[in-house]
Amino acid sequence: MKAIVLTKYGSPDVLELKEVERPTAKDNEVLIKAHAASVNDWDWCLVRGKPFFIRLLCGLLKPKIKIPGVDIAGQVEAVGRDVKKFQPGDEVYGDISECGFGGFAEYVCAHENALALKPASMTFVEAAAIPHAAMLAVQGLRDKGQLQPGQRLLINGAGGGVGTFGVQIAKLIGVEVTGVDSSEKLDMMRAMGFDQTIDYTQEDFTKNGRCYDLILDTKTNRSIFDYARALSRNGIYVTVGGSPARLFQVLFLGPWFSKFSKKKIHMVALKPNKDLDYMNELFEAGKVKPVIDGPYKLREVPEAIRHFGAGNHKGKVVITIEHNNKT
Ligand SMILES: NC(=O)c1ccc[n+]([C@@H]2O[C@H](COP(=O)([O-])OP(=O)(O)OC[C@H]3O[C@@H](n4cnc5c(N)ncnc54)[C@H](OP(=O)(O)O)[C@@H]3O)[C@@H](O)[C@H]2O)c1
């Protein structure tokens, strides 16, 4: 089969489209003929071996994970003998980050628990955009953020995957949503439903005097004291990711801060795929639609990852995987 292979850390140029052996499903695994995948921060970090903790997880000197890609959508080709939920022909999607990656390939194996059935009305491209980013948005807004109707929400780093799902979910709850990102993304963000937008190159939302009941942050590039200043009296700050040093501060100072203040500081530890059924319901009801950047072809993965890493993307960068040598 064809796959995008990573043999050393470096720029996305180190990725090569190669012919490799097709994987076989273990007893509790499903073999999927992949039709689409999407790019995540995991891929950008894995390819570069940065930040350093990635090397502790994925190989100090060279990557143990040979094929990047964690969000996938495709058709079940074969199932291991212990698989109960799926059968050949089923259309599935999911985040396979806990199954060893491998999404940028024609075929991939995943544990059955990493997959959900794809609704017939959802395309493979749409399905591949959902798992990672939508789960972070749902778990950040609903579970950690306890978002309530009538509240004021701000999403920092709002023009990417988490933000474009986040605004749609928040609007269903009935809140006023402000999005912060660079100027080129603000029109798209307004079209997605953001009530207010802030260009972070022009204005610092932690210093403009406005307060929010919930801040959902995908960039975490400030101190928690800055964020606290932009929270209302009982406000909650939730980070899903960002600068490792700042995340470290949230992890260690956040619980103390929450103990001595009415304001709360939380971090999302992603539970992959937990809310895919919820996303299926919203999608089928026409309430949520992924914002697609691309799609790119499998051979264009290096370009797609470069585009993601430069922060030029809007919504989710998606890869389509064609078969019969058309990749
Ligand atoms: N918590 C967990 O368990 C877990 C698991 C996996 C991933 N994650 C993290 O979750 C996050 C995923 O977010 P995502 O997929 O939505 O990312 P994304 O698609 O890269 O979106 C982030 C957006 O932030 C913008 N941005 C860059 N610098 C900014 C700044 N200083 N202020 C405001 N916005 C800025 C970027 O655009 P420009 O560059 O054009 O400005 C981009 O539009 C990542 O941080 C990832 O590491 C967390």
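Points to keep in mind about this one:
- Residue count for segment 176-186, restricted to those that are surrounded by fewer than 21 Cβ atoms within 10 Å (Cβ to Cβ) and either part of a loop (DSSP other than H, G, I, E, B) or within 13 Å of the ligand (Cβ to nearest atom) (or both): 4
- Options ASP143, ASP90: the member that is of a type in the set (D, E, K, R) and within 30 Å of ILE236 (Cα to Cα): ASP143
A quick yes/no check of all residues on (1) buried (at least 22 other Cβ atoms within 10 Å of the Cβ); (2) at positive phi:
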site	(1), (2)
LYS271	no, no
TYR278	no, no
GLY286	no, yes
LYS289	no, no
ILE305	yes, no
GLY311	no, yes
LYS316	yes, no
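- For segment 121-171, the candidate set comprises residues that are of a type in the set (Val, Ile, Thr), outside any loop (DSSP other than H, G, I, E, B) and within 17 Å of PRO295 (Cβ to Cβ); within that set, the residue that is nearest to the ligand (Cβ to nearest atom) is THR164.
- Matching residues, segment 275-327, being of a type outside the set (Ser, Thr, Tyr), away from the ligand (no atom under 14 Å from the Cβ), within 18 Å of the chain's Cα centre (by Cα) and more than 23 Å from MET1 (Cα to Cα): LEU276, ASP277, MET279, ASN280, LEU282, PHE283, VAL288, LYS289
A quick yes/no check of all residues on (1) touching a strand residue (DSSP E or B) at 6+ places or on another chain (Cβ under 9 Å); (2) modelled with pLDDT of 95 or more; (3) not acidic (Asp, Glu):
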| site | (1), (2), (3) |
| --- | --- |
| GLY59 | no, no, yes |
| ASP71 | yes, yes, no |
| GLU98 | yes, no, no |
| GLU106 | yes, yes, no |
| ALA129 | yes, yes, yes |
| HIS132 | yes, yes, yes |
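- A single member of GLY102, GLY145 is surrounded by 22 or more Cβ atoms within 10 Å (Cβ to Cβ), more than 14 Å from the chain's Cα centre (by Cα), at pLDDT 95 or above and over 21 Å from VAL318 (Cβ atoms), and it is GLY145.
- Single residue of segment 239-258 satisfying the filter (part of a helix (DSSP H, G or I) and of a type in the set (S, T, N, Q)) that is farthest from the ligand (Cβ to nearest atom): SER258
- Candidate set: segment 10-57, residues that are in contact with a Cys (Cβ under 9 Å, 6 or more places away or on another chain), away from the ligand (no atom under 14 Å from the Cβ) and outside any strand (DSSP E or B); chosen: the one farthest from ASP95 (Cα to Cα): GLY49
The values are calculated or read from the model by the stated rules, or taken from the named source; none is laboratory data. Note that the coordinates shown come from a computational prediction; the quantities given were computed from them, not determined experimentally. Here the Cβ is made from the backbone with ideal geometry for all residues, glycine too, and neighbour counts use every protein chain on show.
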